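Novice: Next up is a structure, given as structure tokens.
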Amino acid sequence: MRSITRYAVVVAAIGLIALGWGCGKKAEVPAEKTSIDIKGSDTMVNLMSELAEAYMKANPGKQIAVTGGGSGTGIAAMLNGTTDICASSRALSEKEVGLAKEKQLTPSEFVIGMDGLAVFVNPANPVDSLTLEQVKNIFQAQVTDWKDVGGNAGKIVAHSRESNSGTYVYFKEHVLNKGDFANDVRLMTSTAALVQELSTNVNGIGYGGEAYGKEGKVKALKIKKDANAAAVAPVEANVLNGSYPISRPLFLYTGSMPSGLAKKFIDFCNSPQGQGIVREVGYVPVKG
């Protein structure tokens with residue numbers, strides 16, 4: 001009888017110890033991450049870098065690494081779990097939404113600004129405006145000489161972003177009406193590279209985020225919705241009121257509902273300070 005009682009006491013004691021360990025584990029709260037990665041849109045890389053620097057300055061000990069590579073690259077990294085935040089100048093495609101479901105992800109979408117997608121030429125080009133149809137015809141090689149759109153005689157040299165770029169996808173869908181680019185359109189690795197090329201190529205034309213024209217290396221053309229419409233410049237007021245015909249939102253995506261440092265940073269992007277940086281960099285804030 002004594003041995004049975006002693007055995008029961010030992011078992012009870014072991015149970016209490018195990019329960020204590022279990023409770024201890026449940027009480028543990030994972031430490032918040034002190035660093036996050038942001039990958040994606042080359043259009044947004046300067047904006048995200050400025051936002052990250054401002055956040056880190058205000059929050060010592062926090063690290064935010066920003067890299068470009070294109071919206072498609074950032075979205076793929078989000079789907080593969082190799083980035084905390086994806087910066088994208090286009091929305092997720094149906095295929096990407098399907099891939100997310102397959103991976104049991106529920107992406108969260110945040111708009112932090114608007115961008116007027118500008119059509120750029122060399123500053124010496126006398127052409128100041130084009131219709132959407134003329135832009136489409138140029139990039140599909142239906143129009144190949146500047147004299148046919150009011151400029152000086154000379155072969156038009158069209159430049160585009162590469163296919164992994166959200167800017168490329170947006171331009172193809174909304175300007176080319178999902179048509180193909182001409183075979184001789186030159187593909188550029190970044191908007192910065194495109195702008196640099198156009199700054200020395202008098203007959204060149206390309207497209208990119210309006211903010212890339214701020215330094216004066218290129219000229220942003222005014223765009224008409226059709227031949228009878230007014231020519232509209234890609235400036236903030238026109239992007240906000242919808243009169244500029246080529247504008248788009250700038251997105252941040254996470255693989256699930258963000259938390260910790262990722263959430264705090266996204267909240268910062270849409271705070272008054274963050275939205276002020278959006279405007280300073282050259283984009284259009286979405287919150288006052």
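The values are calculated or read from the model by the stated rules, or taken from the named source; none is laboratory data. Predicted model only: the values in this text are computed from it and were never measured. Cβ sites come from the backbone with ideal geometry, for glycine too, and all protein chains shown count toward neighbours.
Novice: Can Lys101 be described as out of contact with any helix residue (DSSP H, G or I) (no Cβ under 8 Å at 6 or more places or on another chain), basic (Lys, Arg) and within 21 Å of Val175 (Cβ to Cβ)?
Specialist: No, not satisfied.
Novice: Kindly list, by first and then second residue, each pair from a residue in the range 113-133 that is under 16 Å from Glu197 (Cα atoms) to a residue that is surrounded by fewer than 24 Cβ atoms within 10 Å (Cβ to Cβ) and β-branched (Val, Ile, Thr), limited to pairs with Cβ atoms under 6 Å and residues at least 6 apart or on different chains.
Specialist: Qualifying pairs under 6 Å: Asn122/Val202; Ala124/Val202.
Novice: Within the range 247-279, which residues are over 16 Å from the mean Cα position of the chain (by Cα) and either among the aromatic types (Phe, Trp, Tyr) or not assigned by TED's automatic domain parsing to the domain that holds Ala54 (or both)?
Specialist: Within the range 247-279, just Phe268 meets the criteria.
Novice: Given the range 125-210, what strands (runs of 3 or more DSSP E) lie entirely inside it while holding 1 or more residues that are more than 24 Å from Val232 (Cβ to Cβ)?
Specialist: Qualifying strands (runs of 3 or more DSSP E): 157-161, 186-188.
Novice: Write out, first by first residue and then by second, each pair whose Cβ atoms fall under 6 Å of each other, whose residues are 6+ apart or on separate chains, and whose first residue, in the range 49-69, is buried (at least 17 other Cβ atoms within 10 Å of the Cβ) while the second is hydroxyl-bearing (Ser, Thr, Tyr).
Specialist: Once the first residue is buried (at least 17 other Cβ atoms within 10 Å of the Cβ) and sits in the range 49-69, its partners that are hydroxyl-bearing (Ser, Thr, Tyr) give Lys62/Thr34; Val66/Ser49.
Novice: Restricting attention to the range 153-175, which residues are over 19 Å from the mean Cα position of the chain (by Cα) and surrounded by fewer than 17 Cβ atoms within 10 Å (Cβ to Cβ)?
Specialist: Ala153, Gly154, Lys155
Novice: Hey, another quick one. Quickly run through the range 30-48 and pick out the residues that are of a type in the set (A, V, I, L, M), in contact (Cβ under 8 Å) with a residue 12 or more places away in the chain and either out of contact with any helix residue (DSSP H, G or I) (no Cβ under 8 Å at 6 or more places or on another chain) or under 29 Å from Glu102 (Cβ atoms) (or both).
Specialist: Across the range 30-48, the qualifying residues are Ile36, Ile38, Met44, Val45, Met48.
Novice: Step by step: first the residues of the range 234-252, then only those that are in contact with a Gly (Cβ under 8 Å, 6 or more places away or on another chain) and part of a loop (DSSP other than H, G, I, E, B), then the one that is surrounded by the fewest Cβ atoms within 10 Å (Cβ to Cβ). Which residue is that?
Specialist: Among those that are in contact with a Gly (Cβ under 8 Å, 6 or more places away or on another chain) and part of a loop (DSSP other than H, G, I, E, B), it is Val235.
Novice: Here is a follow-up. Report yes if some residue within the range 101-111 is part of a loop (DSSP other than H, G, I, E, B), crowded, with 18+ Cβ neighbours inside 10 Å and of a type in the set (Lys, Arg); otherwise report no.
Specialist: Within the range 101-111 (the criterion being part of a loop (DSSP other than H, G, I, E, B), crowded, with 18+ Cβ neighbours inside 10 Å and of a type in the set (Lys, Arg)), the answer is no, since none of the residues qualifies.
Novice: Right, another one. Here are Gly40, Gly70, Gly74: which of them is modelled with pLDDT under 95 and under 10 Å from the mean Cα position of the chain (by Cα)?
Specialist: Gly70
Novice: Could you check how many residues of the range 176-188 are charged (D, E, K, R), exposed (fewer than 13 other Cβ atoms within 10 Å of the Cβ) and within 28 Å of Cys86 (Cα to Cα)?
Specialist: Here the count works out to 2.
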